[in-house]
1. Using Cα pairs closer than 8 Å and at least 6 residues apart in sequence, work out the relative contact order for the chain, in percent.
2. Beyond 34 Å, what percent of the Cα pairs of the chain remain?
3. How much space per residue, in cubic angstrom, does the convex hull of the C-alpha atoms of the range 229-417 take up?
4. In which sequence would 400, 140 go, from the one with the fewest C-beta neighbours within 10 Å to the one with the most?
5. Picking from 248, 69, 160, whose Cα lies most toward the positive end of the charge dipole for the chain (charges on Cβ: Lys, Arg +1; Asp, Glu -1)?
6. Kindly write out, for the range 361-374 in residue order, the coupling ³J(HN,Hα) from the Karplus curve 6.51 cos²θ - 1.76 cosθ + 1.60 (θ = phi - 60°), rounded to whole Hz, with x marking Gly and Pro.
7. In whole Hz, what ³J(HN,Hα) sequence does the range 378-395 give by Karplus (6.51, -1.76, 1.60; θ = phi - 60°), x for Gly and Pro?
8. Can you tell me what the convex hull of the Cα atoms of the range 254-363 projects to on average, as an area in nm²?
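Just so it is clear, none of the values below were taken in a lab; they were calculated from the coordinates. Since this is a predicted model, take the numbers as computed values, not measurements. FYI the Cβ positions are ideal-geometry reconstructions off the backbone, even for glycines, and counts take in every protein chain you see.
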Amino acid sequence: MSGRIRIDGVSIPFADGQTVMQAAEDAGVHIPHLCYHPDYAANGSCKLCTVAIDGWQTSSCTTKAVDGMVIESNTEELNSERRALTQMLFVEGNHHCPSCEASGNCKLQNQAYRLGMTALIFPDFTAGRATDATHPDILLNRDRCIYCELCVRASREADGKDIFCITGRSENKSLAINSDSGTLADSGLQVEDAAANVCPVGAIIKKRQGFRKPIGQRDYDERRVHHNKVRLPNLPKLDKAPGEKVSVATCSLAGCFGCHMSFLDIDERIIELTQRISFDRSPLNDIKHISGPVDIGLVEGGVCNTENIETLREFRDNCQVLIAVGACAMDGGVPALRNHLDVRDLLEESYINGRGIDSPQIPVDRELPYILEEVSPIHEVVKVDFFLPGCPPPAEAFWLILTDILDGRQPDLPYDLLRFD
Ligand code: SF4
Ligand code: SF4
């Protein structure tokens with residue numbers, strides 16, 4: 001039976017046997033999803049495509065369209081549930097986009113952009129599942145798998161091989177390989193198989209082909225996603241007299257100073273800024289401690305040692321508004337890649353067993369801060385008021401956020417300035 005359904009007030013047609021998702025996709029109406037693929041049987045596992053039909057929530061990829069159906073999809077309630085699911089997927093795996101070959105071609109990252117996700121709100125929960133690099137041409141990074149089962153379905157339905165399956169539950173859940181050794185090496189998976197090409201994230205990737213597509217040619221480059229602005233959380237208003245300068249402090253914890261470099265890329269507008277702000281502690285002026293209460297603190301980098309904790313607490317105690325700047329401050333970033341390895345092993349590799357080491361010795365000195373077992377995002381140590389994503393955030397984003405605050409506006413980031421890569 002064909003007919004018409006109404007999604008968010010828009011009437012669209014559907015053909016006999018189509019689901020709500022299929023009708024929406026054909027009509028160019030976007031319903032967020034991760035596990036849906038037009039070529040494979042729907043399995044309704046990711047739940048991002050949940051819509052409300054006559055007030056009842058259901059997966060749009062498994063619900064058949066019925067003439068006259070009234071469907072809500074783009075509501076704050078549903079998008080907030082979708083954001084929470086996306087947040088959980090991010091912390092449940094090794095999702096450090098700036099170092100991932102799938103960045104820009106990844107459906108999870110794209111959904112995060114579309115849903116306006118600006119920071120991780122749950123603690124890191126990476127399960128540390130084994131990576132399989134045994135295949136000559138294909139690599140499986142299980143900690144990036146989002147259990148969409150697309151490789152499972154593609155292997156079964158398109159390749160006729162049945163190579164993949166999901167095993168276990170909760171943190172023991174994992175993608176298993178149906179082969180004698182349990183690895184990809186003797187699985188019969190070939191690089192041209194549908195199962196090797198369907199992964200929507202960076203879990204199944206082809207070797208020697210990463211980072212080849214330039215920005216602008218990737219599947220989900222932000223300019224191909226139609227969005228206007230990302231509403232950021234409300235900031236406390238600064239209480240300043242007219243003409244009074246706003247004080248700003250900045251620091252870099254476990255970061256590369258790339259965010260500070262990007263900030264300086266506002267170029268000559270820094271002169272305009274210095275008419276309206278005064279810099280307190282900052283690597284820009286080499287002042288080592290905050291002199292007293294300041295208005296805005298910008299913190300780059302994750303927390304990797306005890307000195308970082310002290311610095312961060314000094315910032316929180318003294319900054320009215322604290323902003324986490326860049327991927328490392330928001331989720332640990334590249335420094336947090338070490339979280340999957342033992343600290344002792346890392347130190348031995350760096351100072352004793354590594355190449356080109358003259359006098360092997362792990363440095364021990366009271367002047368050296370104590371290294372922490374794991375690198376953490378800063379919001380796991382202190383309360384953060386605001387997140388500025390990117391690796392690094394573009395100079396324009398610094399300019400906009402600061403001038404919005406200076407002019408007493410709530411900051412709005414245009415969509416193309418919200419970056420996870
Ligand atoms: S780009 Fe890579 S790291 Fe980022 S969400 Fe996708 S799979 Fe995860
Ligand atoms: S490996 Fe990729 S395609 Fe397979 S279940 Fe995981 S995310 Fe989905």
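1. Values: 784 pairs, mean separation 57.0, N = 421.
Here the relative contact order equals 14 percent.
2. Working: 36082 of 88410 pairs.
More than 34 Å apart: 41 percent of the Cα pairs in the chain.
3. Values: hull volume 26.3 nm³, N = 189.
Hull volume over Cα atoms, normalised by residue count, gives 139 Å³.
4. Working: 400 19, 140 26.
Listed from fewest to most nearby Cβ atoms, that is 400, 140.
5. 69
6. Listing the rounded values in order: 6, 6, x, 10, 7, 4, 6, 8, x, 6, 7, 8, 4, 9 Hz.
7. Per residue, the Karplus-derived 3J(HN,Hα) values read 5, 6, 7, 10, 9, 6, 10, 8, 7, 10, 10, x, x, 9, x, x, x, 3 Hz.
8. On the way: hull surface 35.8 nm².
If I average the Cα hull's projected area over directions, I get 9.0 nm².
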